[in-house]
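The values are calculated or read from the model by the stated rules, or taken from the named source; none is laboratory data. The structure presented is a predicted model; accordingly, all values stated were derived computationally and were not measured. Note that each Cβ is placed from the backbone with ideal geometry, even for glycine, and that neighbours are counted across all protein chains shown. Accessible surface areas use protein heavy atoms only, side chains included; no ligands, DNA or RNA. Shrake-Rupley method; radii C 1.70, N 1.55, O 1.52, S 1.80 Å.
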Amino acid sequence: MPKERRSEFYEYNGYLDKFLNLTKGGARLVIIEGLRRMGKTSLLKVGLNEAGYPYLFVDARPKPRTDSEFLRRVESSVKEFAESNPEIMEETAKDLKNTRDVSVDFNPIWIRLDTTEGLRNLLISLNKVAHARSKTLILAIDEVQELRYLSELDIGELLSFIYDNLREIRLILTGSEVGLMYEILTSQQLKPRNSDRIILRPLTQDQATEFLRLGFQQNQLKEQPDISFINKAYEVLGGNIGWLATLGQKVVLGRRADDTLLNEMLQEYVETPANEVNKFLSDPLNQSDYDYYMAILRRLRDPAQFPDVIRAVQGAASISVTEDEVRRLIANLKRSGFVDEDKKGNYTIPDPVLREALGSRWQNLFKRPQPPKDEFESFLVKNSYDISDLKETFGTFWSPPGEWAIQKWIQQFPDASSWSWALRLLKATKTYYYSHAKIDDKLKVLHNYIPEEKRRSTYVTFLGPPQKRENQLAAEYNKVNNLKKSKGVEKITYLETALRSGTDVGPIVFLTDIIGSGKQVLDYYEMLVSNKSTGEIPSLPSEMSDRLRSLEKYCFAIVGTEEGVKRITDSKIFSEVKVADLLTDFDKAFSPQRTDIFENNKEREEAKRLVERIGTQLYPRVESKPAEDSPGPFGFGNSELLVVFHYNTPNNTLPILWKEGTVDNKTWHPILKRRE
């Protein structure tokens with residue numbers, strides 16, 4: 001996973017220092033380039049956090065299928081920007097009032113980009129506000145080459161417009177497929193000076209040794225692998241920092257370091273670069289040249305000059321191949337990052353794992369593009385990149401789904417139309433996936449809601465069963481906000497001690513991960529103070545309950561719905577009810593405002609009927625209860641949410657994603673199974 005903090009980042013060759021010097025020195029366009037798995041995203045994220053400028057971070061991976069999908073990603077980035085820069089966003093919202101193609105509201109932040117012109121108007125307004133405040137903003141786009149085929153947005157033209165006209169916005173771009181990235185820039189005569197490029201190179205053997213040694217020390221590995229293992233690792237994996245980091249994790253987890261571990265790693269990961277090549281070869285523009293491309297790649301397992309490559313291709317060709325044709329094929333491989341050329345004219349494959357994959361041992365990994373055998377296979381071929389990306393996204397979930405599990409979940413839906421929207425729905429869930437790092441960021445946002453003068457006397461406690469994750473969230477809250485252990489109430493006994501003490505206490509923060517309907521929060525609090533313990537929820541003694549009622553109390557959640565927050569606020573139990581991310585009607589899976597999941601209203605309504613039919617069998621409504629306080633086919637309280645935490649899926653989320661059960665007499669296999 002990409003790093004975000006300097007303490008986690010391995011600085012070599014002065015890359016981070018150069019990044020900071022360029023950003024602080026006024027560079028208008030900075031390019032971070034390098035081969036796959038060289039740490040570009042880590043450098044970008046750490047550098048942005050260290051530089052201290054307000055920034056918008058947009059991840060262009062996987063390649064957006066439509067302009068609308070890309071605009072939804074930008075909207076998510078703007079919401080994150082608003083959390084860290086509320087004053088700038090509030091003024092921007094005012095400035096954009098009545099502006100065409102873009103709608104922005106503040107408190108809570110809500111943004112809608114109707115067209116790519118709306119994106120341009122948003123950037124113009126941000127630049128205007130930044131200028132008025134004498135601020136510099138950064139727009140960072142990771143893997144920018146993935147945006148080159150959008151139908152309406154000309155990404156090169158937009159970047160050129162920003163560079164020429166929006167002087168308060170600086171651009172930082174990364175790209176693995178370097179040739180394709182520069183094609184975007186040069187099409188608009190937009191190319192940075194050499195001094196404004198950061199080119200990530202492989203680690204030298206000494207750097208690789210230092211990198212692995214530091215990692216082993218940080219993870220407190222008692223028995224350090226000997227130098228012969230590290231040398232062998234470098235021989236097999238080269239200086240690719242991504243592969244070396246993966247190996248280091250395996251050593252730490254397995255507590256062993258030997259040739260067998262290296263071989264196991266190759267077996268596990270050799271498919272990754274092979275699939276990247278297969279994706280390249282499956283492009284309609286490349287399919288007819290499959291034999292020639294494979295001949296070039298297999299020859300380049302060892303460095304070779306152009307005449308050697310020519311002979312290899314001609315040996316694989318049934319017809320004569322010209323030198324110009326071979327040069328074109330090599331150029332395409334270079335543009336896509338599979339082949340490199342040194343100053344002496346030697347062509348090489350820089351990824352050591354790809355070189356291994358091209359050996360005879362793994363020859364079955366490379367598959368000639370074939371016409372799909374059936375409709376579902378055709379669907380998988382068309383969407384293989386998205387499915388692979390989803391596997392990576394949910395890789396930190398407590399039970400991460402592999403590509404096979406994702407395919408199996410999608411295939412439970414009845415036809416090609418439903419497969420498509422089911423995949424889009426799962427992709428939309430990425431926006432609402434809360435990794436460990438994302439939760440830490442949200443806990444910092446919540447802490448800022450407490451007036452500074454009250455923070456020293458604040459206690460943080462869970463709101464729910466002691467075994468639930470909220471209990472751990474209290475400790476995490478203390479950690480990320482640098483609070484002393486004594487100020488974190490992580491067990492009910494600590495809360496009793498705090499209330500019994502004669503010292504000033506308060507405010508007390510009741511922390512939960514999600515506010516859905518709001519019912520669970522109110523029920524838990526009532527059980528806490530009512531002396532009616534259920535066993536699951538402990539109760540306070542009556543004298544403690546009386547004191548708690550009189551104290552200032554906050555209810556904090558990582559994410560919550562408007563309806564749930566209002567319900568808890570209206571109860572007047574808490575002085576403040578705050579969430580880091582407020583969900584509106586737009587965030588509901590079947591909101592008519594959404595265009596990223598369903599292509600039209602007809603598809604939306606048909607999908608909603610199908611999800612209701614499946615969900616009714618998985619998570620049926622309790623007829624004796626009002627809908628907002630009952631299970632239901634669209635989640636508890638029929639919330640229609642797509643929220644997933646790395647440790648669990650809340651029951652407010654669509655049951656088709658998390659609930660195991662029987663549908664039409666067949667087992668339903670959830671993709672993000674809930675821990676009950």
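Brief remarks follow.
- Tally of residues being touching a Leu at 6+ places or on another chain (Cβ under 9 Å) and open to solvent by 20 Å² or more (accessible area, probe 1.4 Å) across the range 649-660: 2
- Residue satisfying all of: in the range 55-70; open to solvent by 30 Å² or more (accessible area, probe 1.4 Å), within 17 Å of Asn383 (Cβ to Cβ) and not polar (S, T, N, Q); nearest to the chain's Cα centre (by Cα) among these: Arg61
- Test: residue in the range 401-409 that is touching a residue at least 24 places away in the same chain (Cβ under 8 Å) and closer than 18 Å to Asp59 by Cα: no
- Residue in the range 434-443 that is surrounded by the most Cβ atoms within 10 Å (Cβ to Cβ), counting only those that are in contact with a helix residue (DSSP H, G or I) (Cβ under 6 Å, 6 or more places away or on another chain) and under 12 Å from Lys479 (Cα atoms): Leu443
- Index of the failed condition, Lys128 passing every other in (1) open to solvent by 20 Å² or more (accessible area, probe 1.4 Å); (2) in contact (Cβ under 8 Å) with a residue 40 or more places away in the chain: (2)
- Check on Val505, touching a strand residue (DSSP E or B) at 6+ places or on another chain (Cβ under 9 Å), assigned to a loop (DSSP other than H, G, I, E, B), at pLDDT below 90 and of a type in the set (Val, Ile, Thr): yes
- Listed by first and then second residue, the pairs linking a residue in the range 10-21 that is within 15 Å of Thr204 (Cα to Cα) and at pLDDT 75 or above to a residue that is open to solvent by less than 30 Å² (accessible area, probe 1.4 Å) and not polar (S, T, N, Q), with Cβ atoms under 6 Å apart and 6 or more places separating them unless they lie on different chains, are Tyr15/Leu43; Tyr15/Ile198.
- Number of positions in the range 186-214 that are at pLDDT below 85, open to solvent by less than 80 Å² (accessible area, probe 1.4 Å) and part of a helix (DSSP H, G or I): 2
- For the criterion of being surrounded by 16 or more Cβ atoms within 10 Å (Cβ to Cβ) and not small (Gly, Ala, Ser), Trp421 passes.
- Filter result for Glu75 (in contact (Cβ under 8 Å) with a residue 40 or more places away in the chain, of a type in the set (D, E, K, R) and either open to solvent by less than 50 Å² (accessible area, probe 1.4 Å) or not in a loop (DSSP other than H, G, I, E, B) (or both)): no
- Residue that is farthest from Ala607 (Cα to Cα) [pool: residues in the range 408-418 that are of a type outside the set (Ser, Thr, Tyr) and either assigned to a helix (DSSP H, G or I) or open to solvent by 10 Å² or more (accessible area, probe 1.4 Å) (or both)]: Lys408
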